[in-house]
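Q: Following this message is one structure expressed as structure tokens.
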Amino acid sequence: MAMREIITLGHPTLRQKARKVTKFGPELKQLIDDMIETMRAAPGVGLAAPQVNVSERVIVVELPADEEAELPAELYAYVNPEIVKVSRDTEPGEEGCLSIPGYIGDVDRHVEVLVRGQDAFGKPQRIKAQDYLARIFQHEIDHLEGVLFIDRADPATIHKLTPEEAATATGEAAEAAALMPRAEMPAS
């Protein structure tokens, strides 16, 4: 496995629609392994291939462990993922992004999604994701369409994390805090 550089806002790959994966095998498996290592080191809860400058439809998602409920972390890797069904219900939630370090905003997301795709070897897989896991899948699949959380966020809620907010951030907001920039966010 190898760490890959996470590209940031302003890089053209982030705004491109990613290509469908047609070749499965060791190279794709290596990309997925590298993405998992990169996501965990960032640290993050999800990563899409365009964020490591690979314009292919690949995402990795890791729901953190829930120590209170004694549930382990859940790791997912999806190739050519697509959302095939969504709940009517949505709810706002705070999001950040490893490609827009130091910024957060509130995004309305479906509380439940049905996602289908393939694994690293082309085998079909599907998941019915709810709540926070559903939010992560939606966020990462948006990346494959060239859509960033700032495109969906309520503009009034997008802001740079203060040092105090960064110190207490959780979930995707913690992702944003992990790589807080010294400069202001560039225009998208």
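The values are calculated or read from the model by the stated rules, or taken from the named source; none is laboratory data. Keep in mind that this is a model prediction, so the values were computed, not measured. Because the Cβ atoms are built from the backbone with ideal geometry, glycine has one as well, and the counts that use them run over all protein chains shown. Keep in mind that these areas ignore ligands, DNA and RNA; they rest on the heavy atoms of the full protein, side chains included. Shrake-Rupley method; radii C 1.70, N 1.55, O 1.52, S 1.80 Å.
Q: Would you list the membrane-span-like helices of the chain, meaning whole DSSP H runs whose alpha-carbon atoms span at least 15 Å along their axis and whose mean Kyte-Doolittle value is at least -1.0? Walk me through the numbers on the way to the answer.
A: Details: long enough: 26-41 (22 Å, -0.38); 131-144 (21 Å, -0.36).
Answer set is 26-41, 131-144.
Q: Let me ask you something else. So, with a 1.4 angstrom probe, what is the percent of accessible area on the range 42-103 that is carbon and sulfur? Can you show the working numbers first?
A: Details: 1280 of 2810 Å².
Carbon and sulfur atoms account for 46 percent of the accessible area of the range 42-103.
Q: In whole Å and largest first, what semi-axes does the C-alpha gyration tensor of the chain yield when each eigenvalue is scaled by 5 and square-rooted? Each step should come with its number before you reach the end.
A: Values: eigenvalues 115, 74, 55 Å².
Result for the chain: semi-axes of 24, 19, 17 Å.
Q: Can you tell me which aspartates and glutamates have their Cα less than 17 Å from the Cα of Lys17? Leave out same-chain residues fewer than eight positions away.
A: Correct list for Lys17: Glu56, Glu82, Glu140, Asp142, Glu145, Asp151.
Q: On to the next question. Contact order normalised by length for the chain, with contacts defined as Cα pairs under 8 Å and 6 or more residues apart; what percent is it? Each step should come with its number before you reach the end.
A: Working: 403 pairs, mean separation 47.3, N = 188.
In percent, rounded to a whole number, it is 25.
Q: Which peptide among 45-56, 30-41, 2-13 comes first, and what is the full order, when sorted by highest mean count of other Cβ atoms within 10 Å?
A: Details: 45-56: 23.2, 30-41: 18.5, 2-13: 14.7.
Top of the packing list down: 45-56, 30-41, 2-13.
Q: Further, regarding this structure: Assigning unit charges at the beta carbon (Lys, Arg +1; Asp, Glu -1) and nothing else, what dipole magnitude in debye, to the nearest 20, does the chain show about its Cα centre? Kindly include the intermediate steps, with their values, before the conclusion.
A: Numbers: 20 positive and 32 negative charges, 230 e Å.
Here the chain has a charge dipole of around 1100 debye.
Q: Exceeding 31 Å between C-alpha atoms, which entries from my cross-link table qualify? They are Lys29/Lys160; Lys23/Lys128; Lys23/Lys160; Lys123/Lys160. Let's see the in-between values first.
A: On the way: Lys29/Lys160 35 Å; Lys23/Lys128 26 Å; Lys23/Lys160 40 Å; Lys123/Lys160 41 Å.
Checking Cα-Cα distances, Lys29/Lys160; Lys23/Lys160; Lys123/Lys160 exceed 31 Å.
Q: Could you tell me the calculated FRET efficiency between Arg152 and Asp119, based on Cβ-Cβ distance and R0 = 30 angstrom, to the nearest 0.05?
A: Details: r = 28 Å, r/R0 = 0.92.
The calculated FRET efficiency here is 0.60.
Q: How large is ³J(HN,Hα), in whole Hz, for each residue of the range 74-82 in order, when computed from phi with the Karplus curve 6.51 cos²θ - 1.76 cosθ + 1.60 and θ = phi - 60°, using x for Gly and Pro?
A: Each residue's phi maps through the Karplus curve to give 10, 10, 10, 10, 10, 10, 6, x, 8 Hz.
Q: Here is a follow-up. Would you mind putting 62-74, 125-137 in packing order, based on average other-beta-carbon counts within 10 Å, highest first? Walk me through the intermediate numbers first.
A: Values: 62-74: 11.7, 125-137: 18.5.
The peptides rank, most packed first, as 125-137, 62-74.
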